[in-house]
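Down below is the structure, laid out as structure tokens.
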Amino acid sequence: EDQVTQSPEALRLQEGESSSLNCSYTVSGLRGLFWYRQDPGKGPEFLFTLYSAGEEKEKERLKATLTKKESFLHITAPKPEDSATYLCAAQGGSEKLVFGKGTKLTVNP
Amino acid sequence: GAGVSQSPRYKVAKRGQDVALRCDPISGHVSLFWYQQALGQGPEFLTYFQNEAQLDKSGLPSDRFFAERPEGSVSTLKIQRTQQEDSAVYLCASSLFGTTDTQYFGPGTRLTVL
């Protein structure tokens, strides 16, 4: 059964304190690994798609990387507006997106 | 341009009532997905349409849940005889072509069953 596990469940950072969020996945025939950001009361907002091990993508203070078993979302010098829940989803042979429970990030000024 | 819209944004139902949730996908998007998100959890797949064809409904939790997309655009998720465990946020997403394209989500409908 396809499975996605995210850690930590919650993370508190000071503004400017860089860190990484982890997404471990077990899927048969990975077709894509997706990162979304979700603010309270809103739907998930697309950030990145990664397709193969070794791939990296960047957007402002965020960088996503992919290995054969994990993906990392690196946040460099975060700001309070980066506070949100970050969701990881894997798509395997079933073509369904399987989401993790998310990491709730709080960045304090 | 306009994103995915959903209505109503909030719905309160008494146990046993039927509800209908609407999704307007991004114009021109072929595929449409429904997810259920419980509090503190990630979204869980319910069903998927390509145009008007429902290609996968394996995530629907019971036969009380029914989805349709008769003209290949707007979709409705119907829940009959609602139960308390149906309380959740129901998210709709659309993608330009198939399942491997990026899915763009709407704001969701928060359903509370009393």
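The values are calculated or read from the model by the stated rules, or taken from the named source; none is laboratory data. Note that the coordinates shown come from a computational prediction; the quantities given were computed from them, not determined experimentally. We place every Cβ from the backbone using ideal geometry, glycine too, and count neighbours over all the protein chains shown. The protein model used for the area step is the full one, side chains on, heavy atoms only, and it has no ligands, DNA or RNA in it. Shrake-Rupley method; radii C 1.70, N 1.55, O 1.52, S 1.80 Å.
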Any residue at all in region A:14-34 that is more than 11 Å from the chain's Cα centre (by Cα), among the β-branched types (V, I, T) and within 14 Å of chain B (Cβ to nearest Cβ)?
yes
Just one of (1) part of a loop (DSSP other than H, G, I, E, B); (2) within 14 Å of chain A (Cβ to nearest Cβ); (3) at pLDDT 95 or above; (4) more than 21 Å from A:L33 (Cβ to Cβ) trips up B:G42, so point out which.
(4)
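Specify the residue that is least open to solvent (accessible area, probe 1.4 Å); the eligible residues are those in region A:46-88 that are of a type in the set (F, W, Y) and within 14 Å of A:Q6 (Cα to Cα). Before you say what the answer is, go through the steps one by one.
Filtering region A:46-88 for residues of a type in the set (F, W, Y) gives A:46, A:48, A:51, A:72, A:86.
Within this subset, residues satisfying the condition of being within 14 Å of A:Q6 (Cα to Cα) are A:72, A:86.
Numbers: A:F72: 57, A:Y86: 1 Å².
Ranking the qualifying residues of region A:46-88, first place goes to A:Y86.
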Restricting region B:1-39 to residues that are under 15 Å from B:Y90 (Cβ atoms) and among the charged types (D, E, K, R), the residue that is nearest to the other protein chains (Cβ to nearest Cβ):
B:R9
What tally of residues in region B:104-114 results from selecting those that are open to solvent by 40 Å² or more (accessible area, probe 1.4 Å) and either among the β-branched types (V, I, T) or more than 14 Å from chain A (Cβ to nearest Cβ) (or both)?
2
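Based on this model, can you work out whether A:T103 counts as within 20 Å of B:G40 (Cβ to Cβ), among the polar types (S, T, N, Q) and open to solvent by less than 20 Å² (accessible area, probe 1.4 Å)?
Numbers: within 20 Å of B:G40 (Cβ to Cβ): yes; among the polar types (S, T, N, Q): yes; open to solvent by less than 20 Å² (accessible area, probe 1.4 Å): yes.
So A:T103 passes the test.
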Looking only at region B:81-103, which residues are buried (at least 16 other Cβ atoms within 10 Å of the Cβ) and either within 20 Å of B:Y10 (Cα to Cα) or away from chain A (no Cβ under 14 Å) (or both)?
B:T82, B:D86, B:S87, B:A88, B:V89, B:Y90, B:L91, B:C92, B:A93
